[in-house]
Amino acid sequence: MAGQVAGKVALVTGGASGIGEAVSELLAREGASVAITDIDDLRGPELAAHIQEHRREGRRIVLTNGCFDVLHRGHTRYLNQAKQLGAVGIMWARRVDGALNTNVKAAGEDKLLASMAAAGCKDEDLILIAGGKPDDASKLLGAFRLSLAKKESLVPADTYAFTWVVDFPLLDWDPEEKRWVAMHHPFTSPMDEDVAQLATEPAKARAKAYDLVLNGSEVGGGSIRIHDAEVQRNMFRLLGIGDEQARLRFGFFLDALQYGTPPHGGIALGLDRLIAILAGESSIREVIAFPKTATAADLMADAPSTVDQRQLDELKLRVTAKPPAAS
């Protein structure tokens, strides 16, 4: 081995005690100039920076067996993490010096390379692919991306990256009820250029809705409301709400639209989420005065608690749940 790599060498080691030192000593005896990078001390971005620096110096990269094990465990850790978020199966692929490494060769090299090109992957980049329905896969990969960024410290501290999310679909198809449902609420206005599609291709209609995202978490959202009575009636019909039912439930609103309601809308900000991000907390419970537990119990106010029978009688309420058995 030493004769093949003599010269400038970058030895990447880790995961197996003594192997890196032994290989380094062997290479040095053969006259090689050796620089050692220990993978155990570095995270992903730092390791990549070290390897790129070695390459700029003209060094050949040599991985010890211990280092390979560590890298393989990294892939496995990512896959297990994705499974914990609900993934049925995650494919990974990585191209190194023109050769494609993957855990699912049956997917086909051409398709994997096309996916990597679409994602903008460069040599040695790792791509993770989730299968399934588009919405389910997108939600899974979105949660996985945020979790991975946090665990690998990919987002620098004190960084606040804002982005607006727009062009939401106006409607979503409910396969169980076999009808359209509002993606946001039934009063969200469609894009002006998409109004005609409500009668022809509802799935393609976009909403005048918007979300504000900070560091991958939604901190605000809102929409422009429908201000045309006919558009509102068409929206109700798409949602399975007939004219008579719409008049019964929303007559006051439809009447208001007849008087020339101007375009209107708004946005609601999640101040608790915003404060949690500024405070460096992952849970909004840490910044709420009286947070609820996962079972909706308020430990500060000792709620919920029992209610006096007189109060129940006044409100014409009856408790049907059986009291817990005495311990």
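The values are calculated or read from the model by the stated rules, or taken from the named source; none is laboratory data. Owing to the predicted nature of the structure, the values given are computational and were not obtained by experimental measurement. A quick note on method: Cβ atoms are made from the backbone with ideal geometry, for glycine too, and the neighbour counts reach across all protein chains shown. Ligands, DNA and RNA are stripped out before the accessible areas are found, and what is left, the full protein with its side chains, is counted by its heavy atoms. Shrake-Rupley method; radii C 1.70, N 1.55, O 1.52, S 1.80 Å.
Observations
- Test item: Cα-centred dipole of segment 138-291, Lys/Arg +1 and Asp/Glu -1 on Cβ, debye: 220 debye
- Segment 134-186 shape via C-alpha gyration tensor axes, a/c threshold 1.5: oblate
- Shape category assigned to segment 197-300 from the gyration tensor of Cα positions, a/c cut at 1.5: prolate
- Carbon-plus-sulfur accessible fraction, segment 203-327 (probe radius 1.4 Å, protein heavy atoms only): 57%.
- In a DSSP loop and with at most 16 other Cβ atoms within 10 Å, the GluC sites (Glu not before Pro) in segment 151-223 are Glu152, Glu176, Glu177.
- Value of relative contact order over segment 131-236, rounded to a whole percent, pairs C-alpha under 8 Å and six or more apart: 26 percent
- FRET efficiency, Thr320 to Glu152 (Cβ-Cβ, R0 35 Å, nearest 0.05): 0.10
- Segment 240-327: chymotrypsin sites (Phe, Trp or Tyr not before Pro) in DSSP loop, at most 14 other beta carbons within 10 Å: Tyr259
- In segment 133-182, the trypsin sites (Lys or Arg not before Pro) that fall in loop regions by DSSP, at most 16 other Cβ within 10 Å: Lys178
- Dipole axis of segment 183-327 (+1 Lys, Arg; -1 Asp, Glu on Cβ), positive-most option in Leu198, Ala294, Gln232: Ala294
- Rolling a 1.4 angstrom probe over the protein heavy atoms with all chains in place gives segment 153-271 an accessible area of 60 Å² per residue.
- Contact order relative to length of segment 178-294, as percent, for alpha carbon pairs under 8 angstrom and 6 or more apart: 24 percent
- Local net charge near Arg233, Cβ-Cβ under 12 Å (Lys/Arg +1, Asp/Glu -1): -2
- Projected area, mean over directions - segment 211-251, Cα convex hull, nm²: 4.0 nm²
- Prolate is the label for segment 182-252, because a/c, from the alpha-carbon gyration tensor with a ≥ b ≥ c as root eigenvalues, is 1.5 or above and a/b exceeds b/c.
- Nearest-20 debye value, segment 232-327 charge dipole, Cβ charges on Lys, Arg, Asp, Glu: 360 debye
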